[in-house]
Amino acid sequence: MDMTPRQIVEYLDDYIIGQNDAKKTIALALRNRYRRMRVEPKLQEEIMPKNILMIGSTGVGKTEIARRMAKMMGLPFVKVEASKYTEVGFVGRDVESMVRDLVYEGINLVTKEYEDKIKDKIDEEVTKKIVEKLVPPLPESASDSAKESFIKAYNLMEKKLLDGELDDKKIEIEVPKKAHVEIIDSSLPFDMSSMQESLNKMLGNLNKDKIKKEVSIKDAKVLLRGIASEGLLDTEAIKVEAIKRCENGGIIFIDEIDKIATSKKNNGQDPSKEGVQRDLLPIVEGSSVQTKFGQIKTDHILFIAAGAFHVSKPSDLIPELQGRFPLRVELESLDEEALYKILTNTKNSLLRQYKALLQVEDVELEFDDSAVRAFAKYSVLANEKTEDIGARRLHTVIEKVIEDISFDADMSKGSKVVVTEELVSSKLEKIVDNVDTTRYIL
């Protein structure tokens, strides 16, 4: 988490073209979380996160910024759709479930970190159990020569196991018999989920038998690793650390927030939209939410909301909710140059993905620079003539051009295929020129 705003922006530049204002705002919000944890405890409680509202049409990079940011920082992060939630009293997910989702993410994140710390211990335990199955231990009354030969056989088997020479060999292992299947459903009300957990524990305690399974050593390593980690991990410490991480570093990304805004024209048509906003308000303002892992305070969770706001405006949100998103960032629409850079300058770009896919068929795919510029040009034209779906249009346009090449890949094994500007034009020109065909095909 110790990255400067400049380093955060540089990292995001590898994946997202343009949108410098949004990157800068996000970078500062993340850095301020790091700074807050370094000030004196009394002041820490007073420093509230500045929640962000990102405004921009679809396909300009709102979700991608949030996704990359979470991967980079290793923080508990959850992305939710505002349109999935309903007002209390209606059938559907209640807004508190987004906080419960965040806690599950935090638990998974911290568990993985703890497993990495004791990875060597887990591996030792797994190796020991498998080798003991292959070379059964000697009785205590065994002679010295028998013990010596046993040690040699044990060491030899251990070496073969670690080198992967025994992966296909079958062995019989004991695994705990599952008396129940745990269903993790964060949309359940807390009372129901705690009742479910109690029932699961009761069923688990009724049957602690172990069952024998014959599996390959490769599969046995996976099964035994899970059992070993359960025994070695401190679940209480994981819960405490996960709750702490979520409270101080958690990020909830609320997408499609414009779908719950009620414009003045449609006032009264859908009362549940305003209800969702009112339910969302205490969580964003700061409240305590009960989860199966303990109570979590939402005061210092960072909320990032995003929406296209084509039909409604940010001012159509209720005033109290507007006030809880003080930082507003408008993302620009993507022009031809931006789309060209998305195809050429980003890591794991679409063109690189298509090249890798056809390489599997032993076909070398190349794109002329003029062809890449043509992809960008036709994408912009299609966006102008129909709905502007931003960079997502590139997927449709490129797929249309290389559809036949991909289909006939098995016929072109060992050859090189070059996508030229002429090929792109022949496939797309007539479609883009006709508004009706553009609307239905691209």
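The values are calculated or read from the model by the stated rules, or taken from the named source; none is laboratory data. All of these numbers come straight from a predicted model, not from anything done at the bench. Positions of Cβ are backbone-derived with ideal geometry, glycine not excepted, and every protein chain shown enters the neighbour counts. For accessibility, only protein heavy atoms count, side chains too; no ligands or nucleic acids. Shrake-Rupley method; radii C 1.70, N 1.55, O 1.52, S 1.80 Å.
Taking the stretch 337-408, which trypsin sites (Lys or Arg not before Pro) meet the DSSP loop condition and have no more than 12 other C-beta atoms within 10 Å?
On the way: sites: K341, K347, R352, K355, R373, K377, K385, R392, R393, K400; in loops: K347.
Filter output for the stretch 337-408: K347.
What FRET efficiency comes out for N155 versus S370 if R0 is 56 angstrom and r is the Cβ-Cβ distance? Round to the nearest 0.05.
Details: r = 64 Å, r/R0 = 1.14.
The formula returns an efficiency of 0.30 here.
Is the C-alpha gyration tensor of the chain telling us rounded, prolate or oblate? Criteria: a/c under 1.5 is rounded; beyond that, a/b larger than b/c is prolate, otherwise oblate. Intermediate results must be reported in sequence, preceding the final value.
On the way: a/c = 2.22, a/b = 1.30, b/c = 1.71.
Oblate.
Assign unit charges at the C-beta atoms only (+1 for Lys and Arg, -1 for Asp and Glu), then state the dipole size of the chain relative to its Cα centre in Debye, rounded to the nearest 20.
Details: 69 positive and 79 negative charges, 199 e Å.
Around 960 debye, computed over the chain.
Modelled label positions at E384 and E421, each set 7 Å beyond Cα in the direction of Cβ, lie 1.7 nm from each other.
Of the accessible area of the chain, computed with a 1.4 Å probe over protein heavy atoms only, carbon and sulfur atoms account for 50 percent. What pairs in K169/K218; K62/K385; K212/K239; K119/K218 have C-alpha atoms more than 20 Å from each other? As for pairs spanning more than 20 Å Cα to Cα, those are K62/K385; K212/K239.
At an R0 of 56 angstrom, the distance between the Cβ atoms of N434 and K50 translates into a FRET efficiency of 0.75. For the chain, the residue among Q44, V397, V126 whose Cα projects farthest onto the positive side of the dipole built from Cβ charges is Q44.
Using the Cβ-Cβ distance between V39 and V360 with R0 set to 51 Å, the FRET efficiency works out to roughly 0.45.
Placing pseudo-labels 7 Å out from each Cα toward the beta carbon at E399 and R225 gives an inter-label distance of 3.4 nm. Loop sites by DSSP among the GluC sites (Glu not before Pro) of the chain, restricted to those with at most 14 other Cβ atoms within 10 angstrom, leave 183-386 as the longest stretch without any of them. Within the straight-line cut-off of under 17 Å between alpha carbons, the aspartates and glutamates reachable from K121 are E113, E132, E158, E230, D234, sequence neighbours fewer than 8 places apart in one chain being disregarded.
Relative to the Cα centre, what is the charge dipole magnitude of the stretch 336-430, using +1 at the beta carbon of each Lys and Arg, -1 at the beta carbon of each Asp and Glu, and rounding to the nearest 20 debye?
Working: 14 positive and 19 negative charges, 63 e Å.
Result for the stretch 336-430 is approximately 300 debye, rounded to the nearest 20.
Relative contact order of the chain: 23 percent, from C-alpha pairs under 8 Å at least 6 residues apart in sequence. Taking each of K50/K112; K347/K430; K71/K244; K117/K170; K23/K427; K313/K430 in turn, the alpha-carbon distance tops 25 angstrom for K50/K112; K347/K430; K117/K170; K23/K427; K313/K430.
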